[in-house]
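The values are calculated or read from the model by the stated rules, or taken from the named source; none is laboratory data. Model, not experiment: these values are computed from the prediction. Cβ atoms come from the backbone with ideal geometry, glycine included; neighbour counts cover every protein chain shown. In case anyone asks, the SASA skips ligands and DNA or RNA and just uses the protein heavy atoms, side chains included. Shrake-Rupley method; radii C 1.70, N 1.55, O 1.52, S 1.80 Å.
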Amino acid sequence: MESDSYACFSVSDLSKDPRIRDLLYVAGPPYMRFYAGTPLLTKSNVPIGSVFVIDSRPRGLPDKFEIDLLRVMARKVMEYLEMS
């Protein structure tokens, strides 16, 4: 799998990120803190969504295994969608 195609965006504490901290689900209930996600890409590399994990507690950034797992999940979702 091409690692460029399945980049992982992650934020260990959303409440400290100036781009995100004022969003309703971060500033208020359910007070999301951690996010890690990778895009769902068509064969033409058009993003149509994402596979992500969130948590109400801050976490460290994902390690290589966790990033690879998100990428595999995104690839499997796209394989399923393309077959449907």
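Figures for the structure shown
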{"item": "For the chain: accessible area per residue (Å², 1.4 Å)", "result": "69 Å²"}
{"item": "Rounded to 10°, Cα long-axis angle of helix 64-83 versus longest principal axis of the chain", "result": "50 degrees"}
{"item": "Reachable lysines, given that their alpha-carbon falls under 16 Å from the alpha-carbon of Lys43 and they are not under 8 places away in the same chain", "result": "Lys76"}
{"item": "The chain - convex hull of the alpha-carbon atoms, volume per residue in Å³", "result": "106 Å³"}
{"item": "Segment 1-62 - percent of accessible surface contributed by carbon and sulfur, probe 1.4 Å", "result": "56 percent"}
{"item": "Normalised contact order of segment 12-73, rounded percent, pairs of Cα under 8 Å and 6 or more residues apart", "result": "31 percent"}
{"item": "Set of segment 15-30 residues, backbone N closer than 19 Å to the point 7 Å along the Cα-Cβ line of Ser56", "result": "15-16, 21-30"}
